[in-house]
Structure formats: structure tokens, C-alpha cells
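Chemist: Questions regarding the structure given below will be posed in turn.
The values are calculated or read from the model by the stated rules, or taken from the named source; none is laboratory data. It should be emphasised that the depicted structure is a prediction, and the values quoted were computed from it without experimental measurement. Here the Cβ positions follow ideal geometry from the backbone for every residue, glycine too, while neighbour counts run over all protein chains shown. Heavy atoms of the whole protein, side chains included, go into the accessibility calculation; ligands, DNA and RNA do not. Shrake-Rupley method; radii C 1.70, N 1.55, O 1.52, S 1.80 Å.
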Amino acid sequence: MAELRIAIAGDLHGQWDASDEQLLERLTPDALLVVGDLSDGQARIPQRLAALPLPLACILGNHDAGRDPSGRTLARQLELLGDRHCGWGLRELHPPGLAVVGARPVTAGGGFHLSRASQAVFGPVTLEASAQRIVAAAEAADPALPLVLLAHCGPAGLGSEAGDPCGRDWKAPACDWGDQDLTLAIDRIRRCRPLPLVVFGHMHHRLKRGQGERRSYCIDRGGTTYLNTAFVPRHSRDDQGRELRHFSWVVLRDGQPVEVSHRWYGLDGRLLYQHSLRRQETLQPC
């Protein structure tokens with residue numbers, strides 16, 4: 001069976017350095033996906049990502065515009081990433097043979113809203129036009145390749161409680177803070193081809209005001225897997241003082257997710273902690 005091992009870096013918020021790159025050299029994933037909020041508009045991380053030798057697709061988040069409504073900071077981030085950024089577009093990775101479609105870039109969730117920086121760079125875009133761009137990118141993908149939809153914020157429709165994958169936790173009452181254009185796009189894409197996986201971040205796993213942790217994984221009735229990868233901070237230490245680096249991890253077998261987990265690695269590449277969300281055992285011949 002064809003198998004792809006995908007490492008996913010959730011919201012970075014400045015936490016990306018040589019230790020992450022050395023770890024990826026040890027782990028040798030088939031591809032790396034990055035869900036945005038690299039920093040607050042600084043050039044360092046886009047430059048480092050652009051220099052990585054492994055297959056990579058990235059989407060920018062709301063923090064990546066900095067505090068610059070003119071759009072100049074955002075435009076510079078896009079320039080540094082080049083075609084690695086797939087917002088509103090298609091990036092086919094050869095190898096390993098994976099089609100990545102980007103959702104609306106620079107979103108802050110909450111249904112549908114374009115910031116001043118986003119409008120300065122991309123122009124005025126309606127909810128319907130945004131959904132159409134995502135669908136068009138998916139329709140252009142090679143149908144022989146497994147399709148992953150890469151977003152900064154996830155879609156609306158995954159729940160309205162604070163602990164749901166896109167639930168608002170910082171302000172009462174809790175509500176669904178997912179993107180409506182992404183929901184429309186997902187529905188339309190699945191009418192013409194399978195969509196096994198939607199990956200996103202933005203909504204951090206540790207809830208505000210001590211409300212616990214967010215539910216980061218679900219599968220809908222159409223068979224699509226949704227994974228929120230935003231463990232923040234993704235650089236941390238355990239109670240033994242060991243440095244930890246977080247990656248979400250997905251294994252696709254014949255285009256379908258058979259293993260989904262959050263993983264915390266030591267700097268030497270050892271897997272120190274793992275939260276398994278899905279694991280499908282394969283039958284072995286007698």
C-alpha cells in the first residue's frame with residue numbers, strides 16, 4: 001500500500017529554529033505542512049522555511065500581517081515563501097505525490113472577514129468568491145493524488161462549544177468561530193472528489209480562563225478528517241527539564257488517514273510523548 005508520512009507544524013508564533021530543522025532531518029517525513037501564524041510579520045521564519053530541502057506547503061495566518069494594515073508586511077511574507085504558500089491555490093508536491101489546496105489566507109476566523117492588510121494585498125473578496133477560489137484549486141488537482149486542504153482557521157460547523165475544534169473560548173458566550181467560506185468549499189469539493197483531510201490551527205489547544213483543552217480531532221459523516229494542530233507553545237519542557245518540540249503527524253495509506261497523532265520529540269529525535277487520535281491496524285498474513 002502507498003503510504004505518506006506528513007509532519008504538521010501548528011501555529012509557530014516565533015518558535016521555529018535550527019532544532020526543528022535538525023529534528024525533521026532525523027524524522028524524514030515525506031512532507032511538511034505549516035498552518036500559519038509564523039510570527040508577527042518578521043522575515044526570519046519565512047526565510048528558514050523557504051530554505052528547507054523537504055516538500056513543504058504553507059498558509060499564512062492573521063498574525064503574519066504584523067500590525068501593518070498597509071499590507072506591505074504581508075506582501076513581504078508572501079514574497080519570501082514564494083510558491084510554498086498555497087493560500088487560495090494548489091500546491092502539488094512531487095515527491096511524495098500529494099495535492100495540497102490552501103484555504104483563505106490571513107483569516108482570523110469568525111465566519112468571514114478580510115482584514116485591511118488582506119484587502120490591500122488580495123483586493124476585496126466576497127465569501128462566495130473565496131469559496132469558489134478554493135474549489136477551483138481542488139478541481140485543478142491531479143485526481144490520482146490524495147487531497148489535503150490546508151487552512152489557518154478551520155471550517156464552521158464543527159461545534160459551538162468553547163472546547164470544539166473552532167469554538168470561541170476567550171469571550172462568552174462560546175460560539176462557532178470557524179470560516180464559513182471554507183465550509184462551503186468543502187461541501188462542493190466532496191461532490192466531485194474525495195477529501196480525506198482538512199488541517200488547520202488558529203484556535204489554540206489550551207482554552208482560556210482554565211477551561212481545559214480543546215478537542216483537536218473529528219471525522220464528519222462524509223468521512224473527512226479534521227485536525228487542529230495549534231499546540232501553543234510548541235517549544236516547551238517536560239517536568240524532567242527535557243526540551244520538547246511538537247509536531248502533529250498524519251499517515252495516509254492509499255490516500256486515507258490511518259494514523260493521526262500529536263507528538264512531542266526530544267532534541268535527539270526520540271519520541272517522548274504521543275497523543276494518538278486515530279490508529280488503524282493492518283491485517284497481517286497468516
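Chemist: Among the residues of region 228-251, which ones are part of a loop (DSSP other than H, G, I, E, B), in contact (Cβ under 8 Å) with a residue 24 or more places away in the chain and not acidic (Asp, Glu)?
Modeler: Going through region 228-251, the residues part of a loop (DSSP other than H, G, I, E, B) turn out to be 229-234, 238-242.
Those still in the list that are in contact (Cβ under 8 Å) with a residue 24 or more places away in the chain too: 229-234, 238, 242.
Within region 228-251, THR229, ALA230, PHE231, VAL232, PRO233, ARG234, ARG242 meet the criteria.
Chemist: I'd like to know if region 117-127 contains one or more residues that are among the hydroxyl-bearing types (Ser, Thr, Tyr) and closer than 15 Å to THR183 by Cα. Even if it seems obvious, please write down each step before you answer.
Modeler: Residues of region 117-127 that are among the hydroxyl-bearing types (Ser, Thr, Tyr), as a first pass: 118, 126.
Checking which are closer than 15 Å to THR183 by Cα leaves us with 126.
Checked against the condition, which is being among the hydroxyl-bearing types (Ser, Thr, Tyr) and closer than 15 Å to THR183 by Cα, region 117-127 yields at least one hit.
Chemist: Related question: What is the number of the single condition among (1) part of a strand (DSSP E or B); (2) of a type in the set (Ser, Thr, Tyr); (3) open to solvent by 20 Å² or more (accessible area, probe 1.4 Å); (4) over 23 Å from LEU23 (Cα atoms) that THR183 does not meet?
Modeler: (1)
Chemist: Output the number of residues of region 207-245 satisfying the condition of being hydrophobic (A, V, I, L, M, F, W, C) and loosely packed, with under 12 Cβ neighbours inside 10 Å. Show your work before the answer.
Modeler: Of the residues in region 207-245, the ones hydrophobic (A, V, I, L, M, F, W, C) are 207, 218-219, 227, 230-232, 244.
Now restrict to residues that are loosely packed, with under 12 Cβ neighbours inside 10 Å: none.
Residues that pass the stated criteria total 0.
Chemist: So, of the residues in region 236-263 that are over 17 Å from the mean Cα position of the chain (by Cα) and of a type in the set (Lys, Arg), which turns out to be farthest from HIS204 (Cα to Cα)?
Modeler: ARG253
Chemist: Return the only residue of GLU92, GLU128 being of a type outside the set (A, V, I, L, M) and in a strand (DSSP E or B).
Modeler: Working: GLU128 fails: in a strand (DSSP E or B).
Of GLU92, GLU128, the one residue that is of a type outside the set (A, V, I, L, M) and in a strand (DSSP E or B) is GLU92.
Chemist: Which one is least open to solvent (accessible area, probe 1.4 Å), of the residues in region 133-180 that are touching a residue at least 60 places away in the same chain (Cβ under 8 Å) and either part of a helix (DSSP H, G or I) or among the acidic types (Asp, Glu) (or both)?
Modeler: ASP179
Chemist: When the residues of region 42-90 are narrowed to those that are in contact (Cβ under 8 Å) with a residue 40 or more places away in the chain and of a type in the set (S, T, N, Q), which ends up surrounded by the fewest Cβ atoms within 10 Å (Cβ to Cβ)?
Modeler: Going through the qualifying residues, I end up with SER70.
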